Each structure stands twice: as C-alpha cells, then as structure tokens.
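First the structure, in the form of structure tokens, and then the observations on it.
The values are calculated or read from the model by the stated rules, or taken from the named source; none is laboratory data. The structure displayed is predicted, hence computed values, not measured ones. Cβ sites come from the backbone with ideal geometry, for glycine too, and all protein chains shown count toward neighbours.
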Amino acid sequence: MNVGTIDYFSLDHPLRHLASTISFNVRRKIFALFMKTMRPAPRSLVLDVGVTPDQTLPDSNFFELLYPYRNRLVTTSIEDASHLEQEYPGIRFVRTEKLDLPFADKSFDIVFCSAVLEHVGDYEKQRLFVAELFRVSERFFIITPNRQSPMEFHTLIPLLHWLPLSLHRAILRALGMEFWSCTENLNLLTPRSLRRIIDPAPCARIKNQFLLGFPSNLIAYGCSPPLQEASTLQL
C-alpha cells in the first residue's frame with residue numbers, strides 16, 4: 001500500500017550531506033553512461049521508478065535535474081514526490097505500489113531505476129520487481145549499490161556489510177540501526193547476485209561504477225526480455 005515519507009538517507013547523520021555531494025558527482029557520470037548507452041530520442045517515453053520526496057540533498061532526483069526531455073518523462077514512487085511536476089515542468093508523477101506498476105505492458109521505451117532494488121526486500125521480491133521493470137519497458141537501466149564497496153552509503157559504516165548477513169544485521173541492531181537491519185529495507189547485491197536477477201534479459205550488461213578506485217555502484221542495462229519471458233519470472 002502507499003506509505004508516507006521514508007528516511008532512506010539517514011538524514012540526521014552528520015556526514016550525510018558530504019556523502020550526498022560525493023554521490024552526486026558519481027551519479028553525473030552514471031547519467032552520462034545512460035545517455036550514451038540508451039540514446040533516448042526527444043520522443044522516447046521514459047519511466048523513472050523510485051523518485052524521492054527529499055528536496056534537501058544534492059543527489060536526490062538527479063535524473064530529473066539532468067534529463068533534457070522532461071515532457072516525455074514519467075516518474076513514480078511509493079512516496080509522494082508530486083512536487084516534481086512543479087519543480088520540473090513537463091514531468092508527470094504517478095504514485096504507485098512497491099512491486100506493481102500501474103502501466104501497460106511495454107508502454108515505455110526505457111525504464112530508469114536508481115537506488116531502489118536494494119530496498120524492495122529479499123531476493124525473490126527483487127526478482128519480481130525487476131520482472132515488473134521488464135514488463136513495462138523495451139529497455140532498462142538499473143542502478144544499485146555494490147555490496148563489494150568498502151563503504152556502505154546508507155549507514156555510512158565501512159566494511160561492516162562484508163560480514164555474513166546474519167552477523168551484519170545483528171550488529172546493526174546492536175547499534176540501534178533496526179531499520180537497516182531488516183531485509184525489506186536493505187538487501188545489497190553483488191555483481192553475481194544481480195546477474196542472476198537480470199539473466200532473462202538478452203544481452204544484458206553489468207558495469208561497475210567506481211569511486212576513488214573502489215566499486216561503488218552496479219549498473220545493469222540492456223533490452224528487456226519479451227513479455228512471455230518476463231511474465232514467467234512472476235510465476
């Protein structure tokens with residue numbers, strides 16, 4: 001069901017704005033890759049899944065800031081980010097459910113999805129979510145944090161997430177970070193686990209984005225599988 005505002009950023013953390021500024025520089029490079037690989041035309045209909053109501057951080061809704069064809073951009077989120085329609089005239093916002101997108105099959109030329117996959121739940125829910133992205137789009141561009149990065153940018157604690165998951169989450173609970181200790185709120189992926197999720201997509205590619213020489217994000221992009229193959233992922 002629809003929910004209120006969720007603090008996915010740890011906004012009260014003293015290093016959040018610094019981390020967000022660094023993140024914005026990384027995301028500019030990711031946006032350049034999107035434009036180079038997806039090559040959207042002025043008439044391409046693009047869906048951005050997972051926009052945020054946050055208006056305080058430099059990297060929030062970076063795609064809307066940078067994308068040139070806003071009159072062909074639809075945005076969606078489980079949170080209320082309707083302010084985007086006023087902030088960026090031409091953009092349309094649709095509030096939606098977490099896994100079920102209220103759009104017709106293959107209704108978008110491209111689906112863009114940044115920093116959402118790690119928040120939808122366990123592996124099965126991640127697989128179903130990606131199947132929805134495939135269903136509504138001809139092509140996809142998905143960004144998610146890389147679990148192999150030495151820094152975990154939600155908690156801003158280095159290396160802890162490299163521990164076995166049960167121990168990692170137990171320590172987060174002990175530190176008072178109950179929200180991030182829950183699988184439904186944070187479930188990081190490695191290149192291998194992301195590959196398993198997007199494997200039905202023909203010729204899909206996974207690229208590492210680096211920060212200071214270390215992998216920070218995983219980027220998966222390519223052509224969405226045909227509807228029949230995408231629908232089998234949901235069975």
Item to complete: Could you please give the count of residues in segment 68-78 that are assigned to a strand (DSSP E or B) and touching a Gly at 6+ places or on another chain (Cβ under 8 Å)?
Response: 3
Worksheet entry | Residues (assigned to a strand (DSSP E or B) and of a type in the set (A, V, I, L, M, F, W, C)) located in segment 79-116 | Phe93, Val94, Phe108, Ile110, Val111, Phe112, Cys113
Worksheet item: When only residues in segment 93-127 that are among the aromatic types (Phe, Trp, Tyr) and within 30 Å of Leu165 (Cα to Cα) count, which is modelled with the highest pLDDT?
Response: Phe112
Practice prompt. Scan segment 25-42 for residues that are among the hydrophobic types (A, V, I, L, M, F, W, C) and modelled with pLDDT under 95 and jot them down.
Written response: Val26
Discussion item. Show the residue pairs meeting these rules: Cβ distance below 7 Å; 6+ apart or different chains; first residue within segment 97-113 and within 16 Å of Thr37 (Cβ to Cβ); second residue among the aromatic types (Phe, Trp, Tyr) and part of a strand (DSSP E or B).
Written reply: Ile110/Phe141; Val111/Phe140; Phe112/Phe141
Discussion item. Every residue in segment 166-193 that is among the aliphatic types (A, V, I, L, M), under 18 Å from Pro150 (Cα atoms) and either surrounded by 13 or more Cβ atoms within 10 Å (Cβ to Cβ) or in contact (Cβ under 8 Å) with a residue 40 or more places away in the chain (or both), please.
Written reply: Ile171, Leu172, Leu186, Leu188, Leu189
Item to complete: Report whether or not Glu138 is surrounded by 15 or more Cβ atoms within 10 Å (Cβ to Cβ) and either at pLDDT 95 or above or within 19 Å of Phe62 (Cα to Cα) (or both).
Response: yes
Discussion item. For the structure I just gave you, tell me whether Thr52 is among the β-branched types (Val, Ile, Thr), assigned to a loop (DSSP other than H, G, I, E, B) and crowded, with 19+ Cβ neighbours inside 10 Å.
Written reply: yes
